[in-house]
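Student: To start, I am sharing the structure in question, which I have written as C-alpha cells.
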There are 2 protein chains.
Amino acid sequence: MTDNSQHNRPRVVVVGGGFGGLQAALGLAKADVNVTILDRKNHHTFQPLLYQVALAALSPADIAAPIRSVMRSKKNVEVLIGNVVGFDLERRRVRLEEGDEVPYDYLVIAAGATHSYFGRDDWAQLAPGLKTLEDATEIRRRVLLAFELAERETLLDRQHCPLNFVIVGAGPTGVELAGAIAEISRHVLTQDFTAIDPRRARIILLEGGPRVLPTYTEDLSASAQRQLEQLGVEVRTNTMVTNIEPGVVWVGDEKLESVVTLWAAGVRASSLGEAVGGKIDRSGRVVVNDRLNIEGHPEIFAIGDVAHFEQNGAPVPGVAPVAIQMGQYVAKEIRRRVQNKPSRPFSYWDKGSMATIGRTKGIAQIGKIHLSGVIAWAAWLFIHLIYLIGYRNRFSVLLNWGWQYLSWQSGARLITGSDQLPGWHYHHDTETSEQKKRAAG
Amino acid sequence: MTDNSQHNRPRVVVVGGGFGGLQAALGLAKADVNVTILDRKNHHTFQPLLYQVALAALSPADIAAPIRSVMRSKKNVEVLIGNVVGFDLERRRVRLEEGDEVPYDYLVIAAGATHSYFGRDDWAQLAPGLKTLEDATEIRRRVLLAFELAERETLLDRQHCPLNFVIVGAGPTGVELAGAIAEISRHVLTQDFTAIDPRRARIILLEGGPRVLPTYTEDLSASAQRQLEQLGVEVRTNTMVTNIEPGVVWVGDEKLESVVTLWAAGVRASSLGEAVGGKIDRSGRVVVNDRLNIEGHPEIFAIGDVAHFEQNGAPVPGVAPVAIQMGQYVAKEIRRRVQNKPSRPFSYWDKGSMATIGRTKGIAQIGKIHLSGVIAWAAWLFIHLIYLIGYRNRFSVLLNWGWQYLSWQSGARLITGSDQLPGWHYHHDTETSEQKKRAAG
C-alpha cells in the first residue's frame, strides 16, 4: 500500500503463514502481483517437529522462522501481523479485529486447523494439544515439572502422584508424544534424578478406534503398536475417554490417574473456512473444487487443513505435503490467470506418508512399499532434514539441529513460565491400592 | 534423604542455583557432606548474556542449563525445585511453601537479587526489567511487536506510535539493552520491513546520575557514552524518571512517548537476606563477616548479590565474578570445617570488569589498564566464551553459540506468548507536534 508504482497490480492476500500459505506467497515472488501475508504470529512453525520441542529435544527457535525473514528478499510480498475475523466477499475485503480491512483481488485462505475437544472445551486446560510453539513449551513444562515434583515429594519423604502420562488419541501426534515421553523417561532423565526412578513412569496411549495410526494400512498399524510397546508405552485401542478431570482421565467407569494428560484426538479446521461462506464438512473444512476455489468464487482459494478437497472419491488428508502442494498450485494458478493463460486443475501427488515413534522407530508407506522400524525412521529423518533445509535455508544451522537431535541437548530441558502445576499435585495423599498393584506388577 | 548410608554426614543446603550457589555445590561434590540445592527454577541462567536473549540474538536454551544436568555426576548433590519462604534458625530448617521443611547443618544463602522499582511496583508491568529468561522473552516480545505494529499501522495507511525505546538506568544492563536495540534497529531489522524504516527508531537511555556505567572510571564512562552515541543511542544523564504511564515516561514536566520502556535502574537483594535476620544494608543485602557468615551464625553463609561484604572499606559489587569466588570459598571453608582444618578468611580478587556495548564496542578496566572499543569487546567476548565453556561444558555447543552470535540467527527472532501489546498501541491518534519536530530534526 506504500509503493504507488505497483498500485495497479492485482493484490493477493494470503491468510496464514503455515506450510500452504508460505508456499503460495513464495510461489508468487516476482510475479506481477502484490502479496500480503496475514498471520497472528510472526513466525512460521515447522509443525512436524513440534513434538520434539514439547519433549525437550529441540528449542523453539530450531523449528520456527520469522515469516518476515523467509520473505526478506521477496520485494512484492508484505507481512502483516493481525487477527483475521472475517471476510466481506462483496467488497473483497479481509476484516481484521478493530475494524481494519485489507482489500484483495485474490484471496488464499490457509488458516489451518486447531484442536477440537468435541464440544468439551473445558478439557483444553486439563489436556493441552500440540499445534503451536506455546503449546509445545506448555507440554514441556508439564512433563518436566511432573518429574521434578515427584522428586521433590520423595526427597521430602512423601508419596508422589504416580507418574502416569495419558495421551488421548493415537494419530501421528499422539504416537509421537507417547514415544517421546517413553524415551525421555527411559533414557534421558534416568541419570538426572536421585530420589525417583523416571523409568517407572507409565505412558498410556488411548485410542477410540480399533488401531493406532488408523490412516495407515493394518500391518503398519500393528507394527507401530509393537514398536510403541517395545518403548514401554501401554496402548489401549477401542477406548473412549468419557471425562477429564484434574489429575484423572475417565474411561467409562474406570478412573485413570494422570499426572499429565495430553490431547491428540481431534482436529477442527479454522473457523475462517466457515466464515467464507462455502459448504463445510464435519471437521469444519470448506469444500473446494478442482481449482481449490470456493464454489462461485474463482477469486477465493482455500488450501491446506482448512480445505476439503476430494480426489479419487476421498478427501486428501490434512498433512504438510498436501498443504505444500496446494500452496504451490495456487501460486502457479494465480500466475496463469494474471497472464491470461489457461487454467489447470489441481491434483495431489501422494509421495507416501511416514510416522516416527521415538528416535529409531517408525513406519512408512510409500505406494506399495511398507517400511517399519529403523529403516522407516531413517527415511523420516532424511525427508525432514531435506524439508528443513528448504525451509530454514540461509537462516538455519542444520549442523546444530542434527547435533541437538542426536545428543538430546539438555539445554532445551528448560521449564519456563509458571513454576506451578495445578494444586492437586501438592496434596496427593497416597497411591490407591489399584495403583500400587499396578506399580508392583 | 533417601540414602541411609550417608545419614550422618553434615547436610549443606544451598538456596539458589545462580553463579554463587552453583559454585558452592560444585565445590562440595565428593566432599564428606550431603548437598541439597533449592531453587524455584529448574535451570541455571547465564545472566551476563540475558540481554542477548532479550534482543533476539540467542535462544533461551543457549544461555541456560538445567541445574539437574549440571549436577548430574555429583552423587552427593540433590536438586529440589521449591520456593523458599523463610528459615527456622533455632531448629536449623529451611521453610518452603506449603509448610515443608528442609533441615540443614550448613546453610548457604545464594538467593540473588531482583529489580527494585523504588516503591513503585506498579511500574513493573509498564517497564519490565531483565533478570530471568521469562523477562528476556517478554522484552523480546515487546521490542519485536513494536516494530511489527508500526509496520502494520503503516500498511493500513495510519500513523504509528513513534518508535521510541526508553531504557531507564545506564548501568551495565541498561547500556547493553540500549546498544543492542540500536543495533537491531540499525542493522538487523532493516531488510525485514517494507513499510517502515526501523532505523528511524529512537533509543533513549536515561540515567539519574551524572554518567553512564558509574562504577567505572570517568574516562571509561565518557568512552562508553561516545560509543553509545555512535550506535545512535541518545544518552541523557542527570535525568530522573518521575513517572511511568502506558506509552509514556515522565521526566519532571517533560513527557517522553515510549513504545517500549525497559527498567535497568534498581536492584534489590532477595528478601531471604532479610529473612535470615542479620543486619541489612540499603539494598536489602545481609551483612556478612570475613567468613561470609551472618553475625552469630557460623553455620550460615550468604554469598553473591544477597550478601554485603566489605573489602578495603567498600562493599564488593554485585557481579558474577564476586558470586563465583564467594561460592568457591564457601565450598572450601565448609570442607575445612568438616575436616577440622583451620578456617581462613575470604577475600575477593578483582580481575577487572568489562561491559559490552553492541557487537564490537565496549569498555574494560583491568587494574590500571583501561580498554575501549573493539579491543574491550574482544576481551569481553573471550572471557564470556571461556566462562560458557566451563558452565555448559558437555551439554553445550560452543560452535553453535558462536555461529548464532556472529550471524544474528533469525530463528531466535520469535515472538511467543500473547500477540498483544497494551491497547494504547492500537489507538495512537497521531504524532504530537513535538514528536514530529524531533523526527524531522
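Student: For the stretch B:125-152, name all the residues that are at the interface with chain A (Cβ under 9 Å from one of its Cβ atoms) and among the basic types (Lys, Arg).
Tutor: B:Arg152, the sole residue that qualifies.
Student: Related question: Identify the residue in the stretch B:155-165 that is surrounded by 20 or more Cβ atoms within 10 Å (Cβ to Cβ) and over 8 Å from B:Val259 (Cα atoms) and, among all such residues, is farthest from the other protein chains (Cβ to nearest Cβ).
Tutor: Per the stated criteria, the residue is B:His160.
Student: Name the pairs: first residue in the stretch B:69-90 and free of Cβ contacts under 8 Å to residues at least 60 places away in the same chain and among the charged types (D, E, K, R), second residue surrounded by fewer than 17 Cβ atoms within 10 Å (Cβ to Cβ) and assigned to a loop (DSSP other than H, G, I, E, B), Cβ to Cβ under 6 Å, at least 6 apart or on different chains?
Tutor: Here the result reads B:Arg72/A:Gln191; B:Lys74/B:Ala29, each pair linking the stretch B:69-90 to a residue that is surrounded by fewer than 17 Cβ atoms within 10 Å (Cβ to Cβ) and assigned to a loop (DSSP other than H, G, I, E, B).
Student: Evaluate the stretch A:36-48: report whether one residue or more is among the basic types (Lys, Arg) and on the phi > 0 side of the Ramachandran plot.
Tutor: Among the residues of the stretch A:36-48, not one is among the basic types (Lys, Arg) and on the phi > 0 side of the Ramachandran plot, which makes the answer no.
Student: So, in the stretch B:35-51, how many residues would count as being over 13 Å from the mean Cα position of the chain (by Cα) and part of a strand (DSSP E or B)?
Tutor: Here the count works out to 6.
Student: Looking at the stretch B:96-111, can you tell me whether even one residue there is touching a Phe, Trp or Tyr at 6+ places or on another chain (Cβ under 8 Å) and within 30 Å of A:Leu80 (Cβ to Cβ)?
Tutor: No; the residues of the stretch B:96-111 include none that is touching a Phe, Trp or Tyr at 6+ places or on another chain (Cβ under 8 Å) and within 30 Å of A:Leu80 (Cβ to Cβ).
Student: Given the structure, is A:Pro315 of a type outside the set (Ser, Thr, Tyr) and in contact with a His (Cβ under 7 Å, 6 or more places away or on another chain)?
Tutor: Yes, satisfied.
Student: May I pose another question? Mind checking which residues of the stretch B:213-240 are surrounded by 19 or more Cβ atoms within 10 Å (Cβ to Cβ) and in a helix (DSSP H, G or I)?
Tutor: B:Leu220, B:Ser221, B:Ser223, B:Ala224, B:Gln225, B:Gln227, B:Leu228
Student: Does the stretch A:192-205 contain at least one residue that is within 14 Å of chain B (Cβ to nearest Cβ), in contact (Cβ under 8 Å) with a residue 40 or more places away in the chain and of a type in the set (Val, Ile, Thr)?
Tutor: yes
Student: Just to verify a result, which residue in the stretch B:340-352, among those that are at pLDDT 95 or above and not small (Gly, Ala, Ser), is nearest to B:Leu220 (Cα to Cα)?
Tutor: Only one residue fits best here, namely B:Tyr348.
Student: What residue, of A:Ala378, A:Ala331, A:Ala355, A:Ala412, is touching a strand residue (DSSP E or B) at 6+ places or on another chain (Cβ under 8 Å), at pLDDT 55 or above and surrounded by 13 or more Cβ atoms within 10 Å (Cβ to Cβ)?
Tutor: Testing whether each residue is touching a strand residue (DSSP E or B) at 6+ places or on another chain (Cβ under 8 Å), at pLDDT 55 or above and surrounded by 13 or more Cβ atoms within 10 Å (Cβ to Cβ) leaves just A:Ala355.
Student: Sort out which residues of the stretch A:52-104 are closer than 24 Å to B:Leu414 by Cα, part of a strand (DSSP E or B) and more than 9 Å from chain B (Cβ to nearest Cβ), and write them in order of number.
Tutor: If the condition is that a residue be closer than 24 Å to B:Leu414 by Cα, part of a strand (DSSP E or B) and more than 9 Å from chain B (Cβ to nearest Cβ), then A:Val84, A:Val85 are the ones that fit.
Student: Tell me which of these A:Gly86 doesn't satisfy, since it passes every other one: (1) under 16 Å from the mean Cα position of the chain (by Cα); (2) at pLDDT 95 or above.
Tutor: (1)
Student: Still on this model: Considering each residue of the stretch A:30-41, count those that are at pLDDT below 95 and away from chain B (no Cβ under 13 Å), and give that number.
Tutor: 1
The values are calculated or read from the model by the stated rules, or taken from the named source; none is laboratory data. Values in this document were obtained by computation on a predicted structure and should not be read as measured data. When we count neighbours, we look across all protein chains shown, and the Cβ atoms used for this are built from the backbone with ideal geometry, even at glycine.
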